[in-house]
1. Exactly one of these conditions fails for S66: (1) polar (S, T, N, Q); (2) buried (at least 21 other Cβ atoms within 10 Å of the Cβ); (3) over 22 Å from F8 (Cβ atoms). Give me its number.
2. Could you run through region 24-53 and say how many residues are within 16 Å of the ligand (Cβ to nearest atom) and touching a residue at least 24 places away in the same chain (Cβ under 8 Å)?
3. Among the strands (runs of 3 or more DSSP E) confined wholly to region 95-197, which include 2 or more residues that are open to solvent by 10 Å² or more (accessible area, probe 1.4 Å)?
4. One residue is enough: does region 73-94 have a residue meeting the conditions touching a helix residue (DSSP H, G or I) at 6+ places or on another chain (Cβ under 7 Å), away from the ligand (no atom under 15 Å from the Cβ) and in a loop (DSSP other than H, G, I, E, B)?
5. For region 19-44, how many residues meet the condition of being exposed (fewer than 14 other Cβ atoms within 10 Å of the Cβ) and over 23 Å from K102 (Cα atoms)?
6. Identify the single condition in (1) within 16 Å of the ligand (Cβ to nearest atom); (2) in contact with a strand residue (DSSP E or B) (Cβ under 8 Å, 6 or more places away or on another chain); (3) of a type in the set (A, V, I, L, M) that V58 does not satisfy, given that it satisfies every other one.
7. Please verify whether L47 is over 25 Å from I204 (Cα atoms) and surrounded by fewer than 21 Cβ atoms within 10 Å (Cβ to Cβ), treating the condition exactly as stated.
Amino acid sequence: MDIKGVLFDKDGTLLEFHQMWISVSQSVVGVLLARYSTPAMASDESLLAAIGVYGDRVDNRGLLASNPVEDIALTWFEMLMPGCSKTDFIDDVKALFNQTVKENPGLIKSLPGIEAVLITLKQCGLKLGIATADSKAATLYSLEQAGLLDYFDFIGYSDGDIEPKPAPDLMEAFCGTCGLIARQVVMFGDTVSDMKFGQNAGAISIGVLTGTATHAELAPHARMVISSVADFTPDLLDRMRRSPTTTQ
Ligand SMILES: [Mg+2]
């Protein structure tokens, strides 16, 4: 198996997910309920549940874990029925998420051992990329805050100008930028959507348990599931490179 590149999901895969995104979502919902007081008034619990947040638990197939913020905004638009256009509401929700992330830099943390692995993989000559459902502004800000921004040859976001995961478009963009073909790429992610994205693109999907999904949820869609990207050692990379190519 000829492995030349690694593409990573961001939240729950490289960066700590729960503390940051649950807190940010709760703040955004609070502002929206105050700002858009309508006859269709939803509760904070119902707005959070609609994006897969139940108290301190996040559904890995829910909108917060797997989808761009536009999808979250559209769902909330239907629930709140605000007296503004859909476009204005989406822009407002996107701005609120970006602003809330920037107001809470202390919540942005890389997961343990991630930076060391990225350094090692670069030393092994691999091209490294990000494929996230997050927006450009929030992605660049959070990677910089976590001290990881400079390790990547490609950063792919979901700002509405490219089909988001699990469509293969972000993989094609990574491969185009780095001169790779998809079967030379390992895709790391913490959700079923990430695993299907890797499969749809023809890459090698590896699930990690640092985010929202369980081993049982990821395993049917992944070549393998490991505890963390931090466990992707040069030894494991060598073993994968020596193994024959198989389909998922
Ligand atoms: Mg994730």
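1. Status for S66: all satisfied but (3).
2. 4
3. Where strands (runs of 3 or more DSSP E) fall fully within region 95-197 and carry at least 2 residues being open to solvent by 10 Å² or more (accessible area, probe 1.4 Å), they are 154-156.
4. Looking for residues that are touching a helix residue (DSSP H, G or I) at 6+ places or on another chain (Cβ under 7 Å), away from the ligand (no atom under 15 Å from the Cβ) and in a loop (DSSP other than H, G, I, E, B), one finds at least one in region 73-94, hence yes.
5. 6
6. Of (1) within 16 Å of the ligand (Cβ to nearest atom); (2) in contact with a strand residue (DSSP E or B) (Cβ under 8 Å, 6 or more places away or on another chain); (3) of a type in the set (A, V, I, L, M), only one is false for V58: (2).
7. no
The values are calculated or read from the model by the stated rules, or taken from the named source; none is laboratory data. As the structure is a computational prediction, the values presented were derived from the model and not from experiment. In this analysis, Cβ positions are derived from the backbone assuming ideal geometry, glycine residues included, and neighbour counts consider all displayed protein chains. For accessibility, only protein heavy atoms count, side chains too; no ligands or nucleic acids. Shrake-Rupley method; radii C 1.70, N 1.55, O 1.52, S 1.80 Å.
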